[in-house]
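Please read the structure below before turning to the comments.
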Amino acid sequence: MRNLISISLITLMLFLVFACSTEKNKSTETAEKQMDPPKHQLYPKEVISVGKCRVEATVVEILEPSAKTNEKDPCSKFPCVAKIKIDKIIGYGSAFPAVFNSEQIISVKFTSTLMPSAVVDPESGQKLPGLEKGDSFKADISTMQGMGGKNNQTFLIYDYHKK
């Protein structure tokens, strides 16, 4: 009878030790998962260059070419500046000096104009389709600091992909 009680106690103690250690491991794993963000948040699928912000946007308004620019500059003949509405912020490269919000409207300069590159400079080799009011596109926005510091920024788009 004593042997049976001893065996029962040993079995019960072993069961408690293993049951508690398994539960402890599960709670530790759960706590670790809660502390670490998912890998897809740590390592975005798209790499964004330093000093750039990648957005999906829509052209809201196209401003007329400026007569103040050099006549050899394509922006003296074709529209380069537009107001765009940011539809989605894909991400920021490090050191980008501004923060945008979805639905925000900003003024940007398209360095290759808003006209198709075949019209502006057929020999350039660029294949930009051109943008019109209402067109959606994906692009990287850069900035150029003016003399007034952060309050005098120009947002630039060098290349885009029309949707």
- [ ] For residues that are over 16 Å from Phe155 (Cβ atoms) and of a type in the set (Gly, Ala, Ser), scanning just the stretch 103-124, find the one that is surrounded by the fewest Cβ atoms within 10 Å (Cβ to Cβ).
- [x] Ser124
TODO: Identify all residues within the stretch 121-152 that are at pLDDT 85 or above and among the small types (Gly, Ala, Ser); write none if there are none.
DONE: Gly130, Gly134, Ser136, Ala139, Ser142
TODO: Among the candidates Lys72, Lys77, single out the residue that is surrounded by 14 or more Cβ atoms within 10 Å (Cβ to Cβ) and of a type outside the set (Val, Ile, Thr).
DONE: Lys77
Open item on the list: Could you tell me how many of the residues in the stretch 124-144 are under 21 Å from the mean Cα position of the chain (by Cα) and within 21 Å of Ser49 (Cα to Cα)?
Closed with: 8
Open item on the list: Can you tell me which condition Ala98 does not meet? The list is (1) surrounded by 15 or more Cβ atoms within 10 Å (Cβ to Cβ); (2) within 17 Å of the chain's Cα centre (by Cα), and all the others hold.
Closed with: (1)
- [ ] Please work out if Lys77 is out of contact with any strand residue (DSSP E or B) (no Cβ under 9 Å at 6 or more places or on another chain) and within 23 Å of Asp135 (Cα to Cα).
- [x] yes
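The values are calculated or read from the model by the stated rules, or taken from the named source; none is laboratory data. Note that the structure is a prediction, hence the values are computed from the model and not measured. All Cβ positions, glycine included, derive from the backbone under ideal geometry; neighbour counts span all protein chains shown.
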